[in-house]
Amino acid sequence: MIENEIIDMPRITKISLTGFKSFKNKNEIQLHNLNVVIGANGAGKSNLLSFFQLLGNALTSNLQGHIMRYGGEHFLYNGRKNTDRIKCEIEMATKNAIDIYALDLSFQAPGRLFISREYLEYRKKGEPKPFTIEIENNGYELGILNVNDKDKNYTPAIRAVAVAIKNMLQKIRAFQFHDTTDTARIRGGISKADCQYLKANGGNLAAVLNMLKTTEAYVPYYKRIVKYVQKILPYFEDFELTGYPENPNEIYLNWKKQTSEYILTPNQLSDGTIRFIALATLLLAPREIQPSVVVIDEPELGLHPMAIHILSSMIKQAAENIQIIIATQSPTLLDMFDAKNILVVEAPRDSTTVKRLDDKMLAEWLDQYTLSELWDKNVLGGQP
């Protein structure tokens, strides 16, 4: 039986960014379970998503690798001559407490960033002041990754808070399924064993689907994914997740039509269909293998308008159990959501700001116009 209950788990309630890329001044971004980010090109939508990419790399001990790939100045607002430090805070809430994980990154020649401060704040609801915990680190990779249940540097209570926050942060993942070219990883072979969770580029999609198909408890989820794929590809029957006899542990995203026994390859799926399959697998998967926070850049890319309608349904279903943050430029997708779900990104005076729409203030407008029409008229903001 497929569960569809809201799970009691930490939620990110707010992110604060200062000095990161186009975020010059401290920007407090309020997050709900479902967050749809819109804005003009160059306003800072991608920069908001790239923060989650930076965080994701940091949480896999690849902070310096990610920074060196682009250069430290790339992450500083208008370079090191204007900004010498990035400050970020992530506020998380449970039923009984509010936690903050904070990180300061400072510039270091010849083009690196080092961790100048890393700390936690913990406050039980009803208490006036938070308790601050400084996290030890080596300056280059996150110290919170080293905190465990037996760490003697911290008290048992502090360890418990730090481990809970670490576990939450490590389940934040950013996805982008844009690369669906003939040589893309998502169309190639993959080891059956690489199936713990869907990777950021969808490269192990076949392995994840195979795991769902062959695990008894997950078969209902697999069948639901197939059903949703059939909605956009009516002649689709099922996946045939097979490979070549000489390498039986490597499989491909092969599939079959309803009218034929011939096995088709992933290169016989359109770019839009491949992306939709990846999105369906991510959004309709069992809660145990889903991230706690899913960040997706332009999920509508290459999709037919009808597929965008179905995509919105999957996003809403997923947002009942996990947090979703998507950036979109699609008027069709925008109209599938409520005003309260929308975050508008703008860049007045060359500094990114993010605001959440007030559905009550827009009520009279929404009686006559759709959200996309109000966006086009610049009533919502987020236009050049």
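The values are calculated or read from the model by the stated rules, or taken from the named source; none is laboratory data. These numbers were taken from a predicted model, which means no experiment stands behind them. Every residue, glycine among them, receives a Cβ derived from its backbone with ideal geometry; neighbour counts consider all protein chains shown. Just the protein is used for accessible areas: all its heavy atoms, side chains included, with ligands, DNA and RNA removed. Shrake-Rupley method; radii C 1.70, N 1.55, O 1.52, S 1.80 Å.
Filtering segment 347-380 to residues that are in contact (Cβ under 8 Å) with a residue 40 or more places away in the chain and at positive phi leaves only Asp350.
Go through segment 109-129 and count every residue that is hydrophobic (A, V, I, L, M, F, W, C) and either more than 14 Å from Leu63 (Cβ to Cβ) or in a loop (DSSP other than H, G, I, E, B) (or both). Number satisfying all stated conditions: 2.
All conditions in (1) under 25 Å from Lys81 (Cβ atoms); (2) touching a residue at least 12 places away in the same chain (Cβ under 8 Å) hold for Ala109, with the sole exception of (2).
Scanning segment 285-332 for residues that are assigned to a helix (DSSP H, G or I), closer than 21 Å to Leu48 by Cβ and polar (S, T, N, Q) turns up just one, Ser312. Checked against (1) surrounded by fewer than 19 Cβ atoms within 10 Å (Cβ to Cβ); (2) modelled with pLDDT of 95 or more; (3) assigned to a loop (DSSP other than H, G, I, E, B), Thr242 passes all but a single condition, namely (2). Restricting to segment 289-319, name every residue that is open to solvent by 40 Å² or more (accessible area, probe 1.4 Å) and either in contact (Cβ under 8 Å) with a residue 40 or more places away in the chain or closer than 17 Å to Lys223 by Cβ (or both). Residues satisfying the conditions are Glu298, Leu301, Gly302, His304, Met306, Ser313, Lys316, Gln317. Among residues that are farther than 22 Å from Glu28 by Cβ and touching a Leu at 6+ places or on another chain (Cβ under 9 Å), Leu380 is not included.
Name every residue in segment 344-372 that is open to solvent by 80 Å² or more (accessible area, probe 1.4 Å) and more than 28 Å from Lys26 (Cα to Cα), in order of residue number.
Here is the first cut: in segment 344-372, the residues open to solvent by 80 Å² or more (accessible area, probe 1.4 Å) are 349-350, 355, 360-361, 364-365, 367-368.
Passing the criteria: Glu364, Trp365, Asp367, Gln368.
Figure legend. Inter-residue proximity from segment 47-62: first residues at positive phi, second residues open to solvent by less than 30 Å² (accessible area, probe 1.4 Å), beta-carbon distance below 9 Å, spacing 6+ or different chains. Indicated pairs: Ser61/Leu142.
Could you identify the single residue in Glu121, Glu73, Glu127, Glu89 that is closer than 21 Å to Lys171 by Cα, modelled with pLDDT under 95 and surrounded by fewer than 19 Cβ atoms within 10 Å (Cβ to Cβ)? Steps first, answer last, please.
Numbers: Glu73 fails: closer than 21 Å to Lys171 by Cα; Glu127 fails: closer than 21 Å to Lys171 by Cα; Glu89 fails: modelled with pLDDT under 95.
Just a single option satisfies the conditions, and that option is Glu121.
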